[in-house]
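Engineer: This is the structure I want to talk about, given as C-alpha coordinates.
The values are calculated or read from the model by the stated rules, or taken from the named source; none is laboratory data. Remember, predicted model here, so these are calculated numbers, not experimental data. We place every Cβ from the backbone using ideal geometry, glycine too, and count neighbours over all the protein chains shown.
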Amino acid sequence: MRAVLRSTALAAALFGCALVPTTNPRLEEAKAAIDGLSAIPESRRLAPREVEQATEALRRAVEAWDSLQDAALVDHLAYLAKQRAAIARATIQRIGAAQEDSTRAGFPK
(Lines give C-alpha, C1' and ligand atoms only; values in the text may rest on other atoms or scores of the structure.)
Protein backbone atom coordinates (compact mmCIF):
# COMPACT_ATOMS: atom_id res chain seq x y z
CA MET A 1 0.00 0.00 0.00
CA ARG A 2 2.82 2.43 0.85
CA ALA A 3 4.53 1.66 -2.43
CA VAL A 4 1.34 2.50 -4.30
CA LEU A 5 0.99 5.79 -2.39
CA ARG A 6 4.62 6.70 -3.08
CA SER A 7 4.22 5.89 -6.75
CA THR A 8 1.04 7.93 -6.94
CA ALA A 9 2.67 10.87 -5.15
CA LEU A 10 5.72 10.69 -7.41
CA ALA A 11 3.56 10.55 -10.53
CA ALA A 12 1.49 13.50 -9.33
CA ALA A 13 4.62 15.51 -8.61
CA LEU A 14 6.11 14.77 -12.01
CA PHE A 15 2.84 15.49 -13.78
CA GLY A 16 2.46 18.77 -11.87
CA CYS A 17 5.95 19.86 -12.86
CA ALA A 18 5.16 19.11 -16.47
CA LEU A 19 2.28 21.59 -16.32
CA VAL A 20 4.37 24.52 -15.06
CA PRO A 21 5.53 26.53 -18.10
CA THR A 22 9.24 27.19 -18.27
CA THR A 23 8.90 30.56 -19.99
CA ASN A 24 6.38 33.36 -20.27
CA PRO A 25 6.21 34.97 -23.72
CA ARG A 26 5.17 38.36 -22.37
CA LEU A 27 8.00 38.32 -19.86
CA GLU A 28 10.46 37.42 -22.62
CA GLU A 29 9.15 40.35 -24.71
CA ALA A 30 9.66 42.70 -21.77
CA LYS A 31 13.20 41.40 -21.23
CA ALA A 32 13.97 41.96 -24.91
CA ALA A 33 12.62 45.51 -24.70
CA ILE A 34 14.82 46.28 -21.69
CA ASP A 35 17.81 44.64 -23.37
CA GLY A 36 17.14 46.90 -26.35
CA LEU A 37 17.56 49.91 -24.10
CA SER A 38 20.90 48.58 -22.93
CA ALA A 39 22.02 48.49 -26.56
CA ILE A 40 21.56 52.27 -26.81
CA PRO A 41 24.86 53.73 -25.54
CA GLU A 42 23.36 57.02 -24.31
CA SER A 43 20.24 55.55 -22.72
CA ARG A 44 21.33 56.06 -19.12
CA ARG A 45 22.52 59.59 -19.84
CA LEU A 46 19.51 60.77 -21.84
CA ALA A 47 16.70 59.08 -19.89
CA PRO A 48 18.05 57.75 -16.59
CA ARG A 49 14.74 57.90 -14.74
CA GLU A 50 12.79 56.22 -17.52
CA VAL A 51 15.37 53.45 -17.93
CA GLU A 52 15.38 52.87 -14.18
CA GLN A 53 11.58 52.70 -14.09
CA ALA A 54 11.57 50.16 -16.93
CA THR A 55 14.25 48.08 -15.23
CA GLU A 56 12.37 48.16 -11.93
CA ALA A 57 9.12 47.14 -13.63
CA LEU A 58 10.91 44.19 -15.23
CA ARG A 59 12.40 43.23 -11.87
CA ARG A 60 8.90 43.10 -10.36
CA ALA A 61 7.64 40.96 -13.25
CA VAL A 62 10.55 38.53 -12.93
CA GLU A 63 10.07 38.37 -9.17
CA ALA A 64 6.37 37.55 -9.65
CA TRP A 65 7.26 34.83 -12.18
CA ASP A 66 9.96 33.35 -9.95
CA SER A 67 7.62 33.22 -6.97
CA LEU A 68 4.96 31.44 -9.07
CA GLN A 69 2.43 34.27 -8.86
CA ASP A 70 -0.73 34.16 -10.95
CA ALA A 71 0.00 34.20 -14.70
CA ALA A 72 -2.31 37.19 -15.21
CA LEU A 73 -0.28 39.21 -12.70
CA VAL A 74 2.99 38.24 -14.37
CA ASP A 75 1.56 39.18 -17.77
CA HIS A 76 0.36 42.52 -16.43
CA LEU A 77 3.71 43.35 -14.83
CA ALA A 78 5.55 42.28 -17.99
CA TYR A 79 3.25 44.51 -20.04
CA LEU A 80 4.02 47.44 -17.76
CA ALA A 81 7.76 46.79 -18.09
CA LYS A 82 7.49 46.67 -21.88
CA GLN A 83 5.52 49.93 -21.92
CA ARG A 84 8.05 51.59 -19.60
CA ALA A 85 10.79 50.50 -22.01
CA ALA A 86 8.85 52.08 -24.89
CA ILE A 87 8.52 55.30 -22.91
CA ALA A 88 12.26 55.27 -22.20
CA ARG A 89 13.05 54.66 -25.88
CA ALA A 90 10.77 57.53 -26.95
CA THR A 91 12.37 59.82 -24.36
CA ILE A 92 15.85 58.91 -25.58
CA GLN A 93 14.85 59.64 -29.18
CA ARG A 94 13.17 62.92 -28.26
CA ILE A 95 16.04 64.24 -26.16
CA GLY A 96 18.62 62.99 -28.64
CA ALA A 97 16.84 64.77 -31.48
CA ALA A 98 16.54 67.96 -29.44
CA GLN A 99 20.26 67.87 -28.66
CA GLU A 100 21.07 67.26 -32.29
CA ASP A 101 18.91 70.23 -33.33
CA SER A 102 20.55 72.51 -30.77
CA THR A 103 24.01 71.41 -31.90
CA ARG A 104 23.12 72.22 -35.52
CA ALA A 105 21.89 75.63 -34.42
CA GLY A 106 25.24 76.31 -32.78
CA PHE A 107 24.29 75.71 -29.15
CA PRO A 108 26.41 73.37 -27.03
CA LYS A 109 24.91 70.19 -25.60
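Engineer: Within the stretch 65-90, which residues are charged (D, E, K, R) and either in contact with a strand residue (DSSP E or B) (Cβ under 9 Å, 6 or more places away or on another chain) or surrounded by 15 or more Cβ atoms within 10 Å (Cβ to Cβ) (or both)?
Structural biologist: Asp75, Lys82, Arg84, Arg89
Engineer: Can you pull out the residues in the stretch 50-64 that are surrounded by 15 or more Cβ atoms within 10 Å (Cβ to Cβ) and over 14 Å from Pro25 (Cα atoms)?
Structural biologist: Glu50, Val51, Gln53, Ala54, Thr55, Ala57, Arg60, Ala64 - these are the residues of the stretch 50-64 that are surrounded by 15 or more Cβ atoms within 10 Å (Cβ to Cβ) and over 14 Å from Pro25 (Cα atoms).
Engineer: Let me ask something else about it. In the stretch 28-44, how many residues are among the basic types (Lys, Arg) and modelled with pLDDT under 95?
Structural biologist: Count: 1.
Engineer: Same structure, new question: Evaluate the following for Thr23: is it part of a helix (DSSP H, G or I), of a type outside the set (A, V, I, L, M) and at pLDDT 75 or above?
Structural biologist: no
Engineer: In the stretch 28-67, what residues are in contact (Cβ under 8 Å) with a residue 24 or more places away in the chain, outside any helix (DSSP H, G or I) and not β-branched (Val, Ile, Thr)?
Structural biologist: Once the filter is applied, which keeps residues that are in contact (Cβ under 8 Å) with a residue 24 or more places away in the chain, outside any helix (DSSP H, G or I) and not β-branched (Val, Ile, Thr), the stretch 28-67 yields Glu42, Ala47.
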